[in-house]
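Enquirer: Please read through the structure below; I'll follow up with questions.
Bear in mind these aren't lab numbers, they're just calculated from the coordinates by the rules spelled out. It should be emphasised that the depicted structure is a prediction, and the values quoted were computed from it without experimental measurement. Glycine gets a Cβ as well: all are built from the backbone with ideal geometry, and neighbour counts include every protein chain shown.
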Amino acid sequence: MPSLRIEPEKLAGRIFIQPSKSMAHRLIICALLAQGTSQIDNVVLSDDLKATLGACEALGARIRIEDSSAFINRKRVIITSSGETRVVHPVIDCIESGTTARFIMPISRLCEDPVTLTGRGRLVTRPFEIYKSLLPEKGVRYADENGKMPIRLSGRLQPGEYDLRGDISSQFISGLLIALPFLEGDSLLRISGSLESRPYVEMTLDALKQFDIAIEHSDDFKVFKIRGNQRARARSLAVEGDWSQAAFFCILGAVSGEIAIDGLKESSLQGDRVIQDIVRDMGAKTVWEQNTLKVSPGSLRSIQVDVSQCPDLVPAVAVGAALCPGRSAITNAQRLRLKESDRLRAVCTELNKLGAHVIEDEDSLVIHGVEHFKGAIVDGWNDHRIVMALAIASSCCEGTVEINGFEAVSKSYPEFWHDFKLLGGRFNEQHMG
């Protein structure tokens with residue numbers, strides 16, 4: 001397995017942040033459901049988005065990819081669709097994208113045609129029980145392999161009343177919200193308990209709205225009234241910058257040197273925008289100048305962060321917290337055990353190899369700050385966010401950091417190592433044997 005050896009350097013500089021993977025998934029799928037030709041600009045073809053594009057082609061869309069004329073080193077995705085889903089490829093490879101699988105399952109059931117969803121890595125065993133129990137009540141035949149992929153679906157989804165818990169992955173809720181407006185009758189979606197990751201649901205509603213699909217909801221996002229027989233209108237849109245990826249550079253700005261981040265939307269609906277508040281609480285300085293966010297070091301202090309609405313921030317925030325004096329805590333993070341890796345265990349294990357003092361609990365991390373990290377050989381757990389967190393941590397190490405499985409960043413951020421180098425990072429790829 002190749003590894004990457006990073007020489008510790010204080011990093012600083014300016015980057016143009018990646019487009020939002022979460023919003024790109026949503027816009028591409030909405031384009032599949034819109035009659036006509038849509039153009040989605042400012043796209044980076046990560047492995048996850050390749051999975052969603054492949055799924056859309058399998059459901060009848062024609063897709064062409066061009067270099068963007070408006071965004072340097074980005075792509076424009078041109079999607080032509082009849083607005084009616086049909087299975088033209090009976091096997092859909094979701095690669096390792098949970099978003100693709102959980103969105104496409106109900107969307108594929110807008111037609112009768114049977115389809116099989118496959119995946120790789122941890123996606124094969126990630127939970128789909130919500131759909132397994134729910135979809136057969138609504139006209140869908142569901143079969144899997146002892147609770148694992150491949151998952152075989154047939155039959156058309158029926159409108160009606162749907163009840164879901166709020167503490168499940170919001171991807172199940174979003175998948176249904178995208179599919180239900182295209183059924184022949186009206187539907188009602190009720191959420192019980194606390195809705196976690198609510199900002200992702202808001203992003204789904206915003207994407208649908210941009211394609212002229214309207215969904216009524218209560219103020220607390222517990223009840224959604226979904227009118228059926230809606231038709232999406234083809235659109236030309238650009239994907240906004242990704243706050244979840246920017247989080248790594250915000251933390252870097254807090255613990256290393258000033259980082260200027262271009263391409264972010266200050267008023268974004270993305271829940272991970274809260275990273276601005278977190279780094280300020282941590283003692284960093286943040287300022288907006290002409291649509292550029294600048295983050296620079298200050299006097300670090302311990303933090304307490306509830307991540308129920310922003311779970312993807314944990315690997316990055318843990319790196320910053322590990323360098324803050326005193327006791328920090330990251331709470332309400334249990335769902336991180338079901339991501340590309342068990343992220344609570346991965347963060348605890350790998351940061352402790354670097355000399356951090358992280359204690360793993362069932363749904364939280366308790367972190368006692370250290371002045372700096374040490375060099376070590378660490379593992380990326382085949383998880384893009386773990387790899388990026390370890391890379392950021394290397395800027396505060398007193399020795400070389402060698403990351404096994406560094407190429408996992410391609411899942412969401414293929415240009416990560418390019419941007420890392422742009423900020424002054426020094427590294428060499430190592431080959432075993």
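Enquirer: Of all DSSP beta bridges in the chain, what percent run antiparallel (nearest 5)?
Expert: 70 percent
Enquirer: Measure nothing but the geometry: give the 0 to 90° angle between the long axis through the Cα atoms of 243-255 and the longest principal axis through the Cα atoms of the chain, rounded to 10°.
Expert: The two axes meet at around 10 degrees.
Enquirer: If the only charges are +1 at each Lys and Arg Cβ and -1 at each Asp and Glu Cβ, what is the size of the charge dipole of region 11-106 around the Cα centre, to the nearest 20 debye?
Expert: 200 debye
Enquirer: Looking at region 21-220, how many pairs of lysines come closer than 17 Å at the Cα, when each pair is eight or more places apart or spans two chains?
Expert: Close lysine pairs found across region 21-220: 4.
Enquirer: How large, in Å, is region 105-158 by the Kirkwood hydrodynamic radius built from its alpha-carbon pairs?
Expert: Hydrodynamic radius (Kirkwood, Cα pairs) of region 105-158 is 11.1 Å.
Enquirer: Report the one residue of VAL124, PRO136, ALA391 whose Cα lies farthest in the direction of the positive end of the charge dipole of the chain (charges on C-beta: Lys and Arg +1, Asp and Glu -1; origin at the Cα centre).
Expert: Positive-most Cα among the choices belongs to PRO136.
Enquirer: What's the angle, to the nearest 10 degrees (0 to 90), between helix 21-32's Cα axis and the longest principal axis of the chain?
Expert: The two axes meet at around 20 degrees.
Enquirer: Let me ask you something else. So, by mean Cβ neighbours within 10 angstrom, what's the order for 169-177, 11-19 with the highest one leading?
Expert: With the highest mean Cβ count within 10 Å placed first, the list reads 169-177, 11-19.
Enquirer: In whole Å, what are the Cα extents of region 21-220 along the three principal axes, biggest one first?
Expert: 46, 39, 31
Enquirer: While we're looking at this one, here's another question. Taking R0 as 41 Å, what's the FRET efficiency between ASP262 and SER194 from their Cβ-Cβ distance, rounded to 0.05?
Expert: Rounded to the nearest 0.05, the efficiency is 0.70.
Enquirer: Then there is this: Picking from GLY193, PHE71, LEU269, whose Cα lies most toward the positive end of the charge dipole for the chain (charges on Cβ: Lys, Arg +1; Asp, Glu -1)?
Expert: It is PHE71, whose Cα lies furthest towards the positive end.
Enquirer: I'd like the orientation of helix 343-353 relative to the chain: the angle between its Cα long axis and the longest Cα principal axis, in ° from 0 to 90, rounded to 10.
Expert: Helix 343-353 and the main axis of the chain meet at about 20 degrees.
Enquirer: Just order 421-430, 22-31 by mean Cβ neighbour count inside 10 Å, highest at the front, would you?
Expert: Packing order, densest peptide first, comes out as 22-31, 421-430.
Enquirer: Give the lysines reachable from LYS374 as a straight Cα distance under 23 Å; neighbours fewer than 8 places away on the same chain don't count.
Expert: LYS374 reaches LYS10, LYS353, LYS421.
Enquirer: Give the Cα extents of the chain along the principal axes, in whole Å, largest first.
Expert: 61, 51, 47
Enquirer: For a quick protection proxy, order the peptides 94-100, 187-193, 268-274 by their average other-Cβ count within 10 Å, most packed first.
Expert: 94-100, 268-274, 187-193
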